[in-house]
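First comes the structure, then the notes that go with it.
The values are calculated or read from the model by the stated rules, or taken from the named source; none is laboratory data. What you see is a predicted model, and the numbers here were worked out from it, not measured in a lab. A quick note on method: Cβ atoms are made from the backbone with ideal geometry, for glycine too, and the neighbour counts reach across all protein chains shown.
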Amino acid sequence: MTRAVCPGSFDPVTNGHLDIFRRAAGIFDELVVATGTNPSKSRLFDPAARLEMLREVCADLPNVTVMGFSGLIVDFCREIDAQAIVKGLRGGNDYEFELPMAQMNSHLTGVETVFIPTNAALGYISSSLVKEVASLGGDVSALVPPSVLSRLQAELARSATAG
């Protein structure tokens with residue numbers, strides 16, 4: 001059985017992420033979507049909220065499990081006996097960023113990285129841009145699943161009144 005991990009912050013999960021999950025789930029026997037906790041990075045959503053959103057949007061994918069992790073992704077892969085890491089690539093900049101990490105991960109543990117190019121219609125979507133556009137009142141309804149949109153709007157409204 002082949003098990004792969006698709007790691008990310010997913011803050012928030014977008015339709016681009018969901019496309020990668022669906023396609024990777026068709027390649028591997030099991031896909032673990034894993035959201036990490038990195039104290040050095042500021043996130044809009046806390047880890048529990050990100051896990052909940054991921055579970056909601058992956059509910060129709062029978063061979064997809066959602067988990068949280070901390071530390072190195074390769075250590076997490078070793079813990080759950082995953083053979084590969086899946087990364088979506090939007091373009092050359094993503095490749096330039098991801099390739100050295102893939103090489104380091106392979107060097108450390110032998111876990112290989114599989115790159116999946118994004119669907120061209122979704123390649124411009126990023127969590128950062130979604131948050132920025134939504135925070136300025138733009139319509140991001142075509143960029144995130146409906147359940148994520150409502151949470152995003154609520155969290156941005158809460159953040160605006162708290163800040």
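Could you check region 1-104 for helices (runs of 4 or more DSSP H) lying wholly inside it with 3 or more residues that are β-branched (Val, Ile, Thr), more than 26 Å from ALA142 (Cα to Cα) and free of Cβ contacts under 8 Å to residues at least 12 places away in the same chain?
Hits in region 1-104: none.
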Here is a list of conditions, (1) surrounded by fewer than 21 Cβ atoms within 10 Å (Cβ to Cβ); (2) among the aliphatic types (A, V, I, L, M); (3) under 21 Å from VAL114 (Cβ atoms); (4) under 14 Å from the mean Cα position of the chain (by Cα), and ILE73 meets all of them except one; can you say which number that is? (1)
Of everything in region 148-163, what is surrounded by 13 or more Cβ atoms within 10 Å (Cβ to Cβ) and farther than 22 Å from THR118 by Cα? Give them in sequence order. ARG151, LEU152, GLN153, GLU155, LEU156
Within region 29-64, restricting attention to residues that are of a type in the set (Lys, Arg) and modelled with pLDDT under 95, which residue is surrounded by the fewest Cβ atoms within 10 Å (Cβ to Cβ)? LYS41
Could you say whether any residue in region 132-146 is touching an Asp or Glu at 6+ places or on another chain (Cβ under 7 Å) and either of a type in the set (Asp, Glu) or under 22 Å from ARG55 (Cβ atoms) (or both)? no
Where ILE125 falls short, out of the listed (1) in a loop (DSSP other than H, G, I, E, B); (2) without any contact (Cβ under 8 Å) to a residue 40 or more places away in the chain: (2)
Candidate set from region 98-121 (those that are β-branched (Val, Ile, Thr) and closer than 17 Å to ALA82 by Cβ); member that is surrounded by the most Cβ atoms within 10 Å (Cβ to Cβ): VAL111
Before we move on, is PHE10 within 14 Å of LYS131 (Cβ to Cβ) and touching a strand residue (DSSP E or B) at 6+ places or on another chain (Cβ under 8 Å)? yes
Taking the condition over 23 Å from ARG3 (Cα atoms) and among the polar types (S, T, N, Q), does SER70 pass? no
Going through region 105-120 one residue at a time, which ones are more than 24 Å from LEU143 (Cβ to Cβ), outside any loop (DSSP other than H, G, I, E, B) and touching a strand residue (DSSP E or B) at 6+ places or on another chain (Cβ under 8 Å)? ASN105, SER106, GLU112, THR113, VAL114
Checking the condition more than 18 Å from CYS6 (Cα to Cα), over 18 Å from the mean Cα position of the chain (by Cα) and small (Gly, Ala, Ser), which residue from SER147, SER106, SER135, SER128 passes? SER135
